[in-house]
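Inspection log for the structure reproduced underneath, given as structure tokens.
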Amino acid sequence: MNLDHAIETLVVGYGYWGPNIVRNVSERPEFNLRAVCECDERRAEECQARFPGTMCEPSLDAALADPSIEAVAVATPPHTHYEVVRKALEAGKHVLVEKPLARTAAEAAELMVLAEELELVLLPGHTFLYSPPVMKIRNLIRDGVIGDVHFVTSSRMNLGKYQRDGVVLDLAPHDLAILLHWLDLPLVEVTASGCSIHQDGVHETAFLTLSFEGGIQANVQVSWLAPRKMRQMLVVGSNQMIQYEDTAADDPVRVYDRGMDFSQPPKNFGEYRLTYRSGDIVAPRIEPAEPLGLELKDFASAILEGTTPISSARLGLEVVIALEALERSLDGRGEPVAVRSVEEALQQRLVRQAQAV
């Protein structure tokens, strides 16, 4: 990457995730931390104590008015994303925004189109896509190591931070982004059921079934009510299987040469010849790296070199479309819901525009 200058950057929000972004922006050579926008006085003081000399500005409009700022990293609650990102894009800034891209598909589509029209980078922060184990598994799938993918299971649980939008909006974006990235196939149908224990209408646990084009299915469990953190995924292929344990102390990815083999198709059930295959277990070498740092590196590359980010605005829109479908299924007590394509979401945007005229 050719660095003529460091990208002058504003970080908006110094709450839960903001400190991690500020630290990484400060450490990466591609960026220069210009300022932090935080309206909470206590948080602003914490930021200045941890990062001496950092300018903290309570007003977003005033911060965006600085012509030297080229990029904005947004770490505010999801319901604020649309307004904050729209203002940043309209001010001519490249934007990295924490997941999800927006609260609704209509908002996400508007932001994606606006960024394209203004020729600005819009990167939704699906940080797990930059995790070295996740990238390794994508390569194993793409290289055909495990054969055809049959199905995927995922458990993402912890004794989590309670949020008003529910566990699906909080945790499911991770699995949706990872699966869309791994499989490179559109999601066509979802079902979701959940449990609301402490507050009506706020699901603390949910069970999701995701159906992709071509017949691949994924079953995902997300929960805030677990005694320990669990981030585990299993990818079952026609040749081999992959186990991904994000919280493992070592060997987060293991490839199992295990499965079942059938003989030639039988004339009847009694002629089936089933053999079990149990071969080696391989733990591929994975170089450690902080995903957020790699995400910022990708953001810088998109700004300076015009590359398409791994976590693209299109993928961010796909995730939000899927989240809307999951919420409809939850409301319908597990009824299957068809998932719109990105093209359908963009077409509906044009229809809304025409109706508004």
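The values are calculated or read from the model by the stated rules, or taken from the named source; none is laboratory data. Because the structure is a prediction, the values reported are computed rather than measured. Cβ atoms come from the backbone with ideal geometry, glycine included; neighbour counts cover every protein chain shown. Accessible surface is based on the protein model in full, side chains and every heavy atom, while ligands, DNA and RNA are left aside. Shrake-Rupley method; radii C 1.70, N 1.55, O 1.52, S 1.80 Å.
Annotations
- Per residue, the convex hull spanned by the alpha carbons of the chain comes to 181 Å³.
- Among Asp298, Asp40, Asp165, the largest mean-square fluctuation in a Gaussian network model of the chain (Cα springs under 10 Å) belongs to Asp40.
- In range of the label at Asn32: residues from region 292-309 whose backbone nitrogen is under 18 Å from the point 7 Å along Cα→Cβ: 300-301, 303-304
- Reciprocal of mean inverse Cα separation for region 14-88 (Kirkwood radius, Å): 12.8 Å
- Full extension of the segment from Ala289 to Arg42, taken as 0.36 nm per residue of separation minus the current Cα-Cα distance, would add 85.8 nm.
- Of Leu323, Leu210, Leu183, the one that fluctuates the most in a GNM where the chain has Cα springs shorter than 10 Å: Leu183
- Across the options Thr54, Val25, Ala65, the greatest Cα extent toward the positive end of the charge dipole of region 18-83 (unit charges at beta carbon of Lys, Arg, Asp, Glu) belongs to Val25.
- Positive minus negative residues near Thr247 (Lys, Arg vs Asp, Glu; Cβ under 13 Å): 0
- Rounded percent of accessible protein surface that carbon and sulfur make up, region 95-140, 1.4 Å probe: 49 percent
- Pro284 sits among other residues whose Cβ lies under 10 Å from its own Cβ, and their net charge, with Lys and Arg +1 and Asp and Glu -1, is +2.
- A crude spin-label estimate for the pair Ser59 and Val351, with each label 7 Å from Cα along the Cβ direction, gives 4.2 nm.
- Extension gain from Glu117 to Thr153, taking 0.36 nm per residue of separation minus the Cα-Cα distance: 9.1 nm
- The length gained by stretching the chain between Val282 and Leu304 to full extension, at 0.36 nm per residue less their Cα-Cα distance, is 4.1 nm.
- Inter-centroid distance (Cα atoms) of region 30-63 relative to region 169-205, Å: 33 Å
- For the chain, the solvent-accessible area works out to 48 Å² per residue, with a probe of 1.4 Å and every protein chain left in place.
- Carbon-plus-sulfur accessible fraction, region 179-238 (probe radius 1.4 Å, protein heavy atoms only): 48%.
- Its Cα centre serving as origin, the chain has a Cβ charge dipole (Lys and Arg +1, Asp and Glu -1) of approximately 960 debye.
- As a ratio to 2.2 N^0.38 Å, the alpha-carbon radius of gyration for region 1-155 is 1.17.
- What the Kirkwood sum gives for region 67-109 is a hydrodynamic radius of 10.4 Å, with every pair of different alpha carbons counted.
- When +1 charges are put on Lys and Arg Cβ atoms and -1 charges on Asp and Glu Cβ atoms, the dipole computed for region 104-194 relative to its Cα centre reaches about 560 debye.
- Principal semi-axes of the equivalent ellipsoid, √(5λ) from the alpha carbon gyration tensor of region 1-50, are 23, 10, 8 Å from largest down.
- Each Lys and Arg contributes +1 and each Asp and Glu -1, all at the Cβ; summed about the Cα centre of region 1-126, the dipole is approximately 400 debye.
- Taking only the C-alpha atoms of region 100-180, the Rg (one decimal) and the largest Cα-Cα distance, Dmax (whole number), read 15.8, 42 Å.
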